[in-house]
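Asks: Quick one: the structure is below, questions incoming.
The values are calculated or read from the model by the stated rules, or taken from the named source; none is laboratory data. Keep in mind it's a predicted model, so treat the numbers as computed, not measured. Note that we place each Cβ from the backbone using ideal geometry, even for glycine, and neighbour counts take in every protein chain shown.
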């Protein structure tokens with residue numbers, strides 16, 4: 001993209017073209033870029049129009065602006081990628097919490113392990129309390 005912009009502002013050189021001119025039997029004058037019988041060849045030289053050239057300072061300014069634009073674009077892309085990763089982690093955690101709540105609701109009883117590794121069955125009240133904790137976490141994080 002930078003190359004296209006720089007080329008478009010590159011000072012133009014003079015250009016030349018060949019034009020053929022002839023007069024037909026009715027006296028009409030014709031011009032063409034292709035040779036014709038009885039045509040005379042003319043060289044036309046066109047110089048660059050005034051104001052087309054661009055100074056080195058202007059080119060440098062353009063390059064700086066393009067570099068700034070590219071840097072901002074890359075920063076935005078990195079931020080978008082990081083946000084996407086954070087969202088994927090959040091989604092995974094939400095799925096885990098929702099699956100755990102579904103499991104708690106489907107089973108008849110829950111248990112925890114004490115310090116000795118023994119199962120400690122939770123009462124219905126304790127089970128409901130654990131389910132409520134999961135609902136609260138789901139509401140806060142999902």
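Asks: Condition check: outside any helix (DSSP H, G or I) and surrounded by 10 or more Cβ atoms within 10 Å (Cβ to Cβ). Does residue 120 satisfy that?
Replies: For residue 120, the condition - outside any helix (DSSP H, G or I) and surrounded by 10 or more Cβ atoms within 10 Å (Cβ to Cβ) - is met.
Asks: Here's another thing I want to ask about it. Go through (1) out of contact with any helix residue (DSSP H, G or I) (no Cβ under 7 Å at 6 or more places or on another chain); (2) touching a residue at least 12 places away in the same chain (Cβ under 8 Å); (3) part of a helix (DSSP H, G or I) one by one and return the number of the condition residue 100 breaks.
Replies: (1)
Asks: Looking at 112, 75 in this structure, which one is surrounded by 10 or more Cβ atoms within 10 Å (Cβ to Cβ), on the phi < 0 side of the Ramachandran plot and more than 19 Å from the chain's Cα centre (by Cα)?
Replies: 112
One line per residue, one yes/no per condition, for (1) surrounded by 10 or more Cβ atoms within 10 Å (Cβ to Cβ); (2) under 15 Å from the mean Cα position of the chain (by Cα); (3) modelled with pLDDT under 95; (4) not in a helix (DSSP H, G or I):
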| site | (1), (2), (3), (4) |
| --- | --- |
| 42 | yes, no, yes, yes |
| 45 | no, no, yes, yes |
| 52 | yes, no, yes, yes |
| 59 | yes, no, yes, no |
| 62 | yes, no, yes, no |
| 69 | yes, yes, yes, no |
| 79 | yes, yes, no, no |
